[in-house]
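Remarks on the structure that follows.
The values are calculated or read from the model by the stated rules, or taken from the named source; none is laboratory data. No experiment lies behind these values; they were computed from the predicted model shown. Don't worry about glycine lacking a Cβ; one is built from the backbone with ideal geometry, like all the others, and counts go over all protein chains shown. SASA here: full protein model, heavy atoms, side chains in, ligands and nucleic acids out. Shrake-Rupley method; radii C 1.70, N 1.55, O 1.52, S 1.80 Å.
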Amino acid sequence: MVQEAMNKNIIDVFIKNISIIGTNAFFRCSYLKNVLFQEPLILTTIEESAFEECKELKSILIPSSVQTIEIGAFYRCSSLTSISFQEPSNLTTIGSYAFYPCELLKSISIPSSVKYINDYCFYNCSNLENIIFKEESNLSIIGESTFYGCNQLKSISIPSSIKYFNDFCFCNCS
């Protein structure tokens, strides 16, 4: 497990042989630019606020071993433009506020393994234009206000697996 980073001037992080990135592990590491995962990939969980307010983090490739991204894991990562998921993905849950508000994010492709996108996950990602769900999607629930304020949204294809949209899911998506 990676505990809270004591040095807030960290620029590069290489993660290997870690199963959990703990709560607030890289909280406010405002100079963090690169997070690189190395074999063997045993990471299963990115805990609450793990990368919160890492304002220089521009992109992240989530390893296929990750099953859960918890509440606010990338909250206020204001430079985040790209989130990619290594395939085949084992990710099943994206927690509330996970990418809120990543204002520079333009596109997201949700892996087919994801079953739940929780409340406010992409709330106020104001430049998000495209949301892509894989055809063989297992997604059944999209939480409350998940895409609220994504006012540049141009394209979304709703998978047939969706059983429930919570309140305000696409509110203010002009």
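Please enumerate the residues belonging to segment 20-36 that are open to solvent by less than 30 Å² (accessible area, probe 1.4 Å) and closer than 27 Å to Ser112 by Cα. Result: Ile21, Gly22, Val35. The set of residues from segment 37-95 being of a type in the set (Phe, Trp, Tyr) and either within 12 Å of Pro111 (Cβ to Cβ) or not in a loop (DSSP other than H, G, I, E, B) (or both) comprises Phe37, Phe85.
Remark: Ile15 falls outside the filter, which requires a residue to be surrounded by fewer than 20 Cβ atoms within 10 Å (Cβ to Cβ), β-branched (Val, Ile, Thr), farther than 24 Å from Asn124 by Cβ and touching a Ser or Thr at 6+ places or on another chain (Cβ under 9 Å). Out of Phe170, Phe147, report the one residue that is more than 30 Å from Ser19 (Cβ to Cβ) and either surrounded by fewer than 20 Cβ atoms within 10 Å (Cβ to Cβ) or at pLDDT below 90 (or both). Only one candidate qualifies: Phe170.
Looking only at residues that are among the β-branched types (Val, Ile, Thr) and more than 13 Å from Glu56 (Cβ to Cβ) in segment 69-87, which one is most open to solvent (accessible area, probe 1.4 Å)?
Ile71
Per the listing Glu39, Glu56, Glu70, the residue uniquely over 27 Å from Tyr116 (Cα atoms) and modelled with pLDDT of 95 or more is Glu56.
Somewhere in segment 122-133, is a residue open to solvent by 60 Å² or more (accessible area, probe 1.4 Å), in contact (Cβ under 8 Å) with a residue 12 or more places away in the chain, out of contact with any Phe, Trp or Tyr (no Cβ under 9 Å at 6 or more places or on another chain) and in a loop (DSSP other than H, G, I, E, B)?
Checking segment 122-133: not a single residue is open to solvent by 60 Å² or more (accessible area, probe 1.4 Å), in contact (Cβ under 8 Å) with a residue 12 or more places away in the chain, out of contact with any Phe, Trp or Tyr (no Cβ under 9 Å at 6 or more places or on another chain) and in a loop (DSSP other than H, G, I, E, B).
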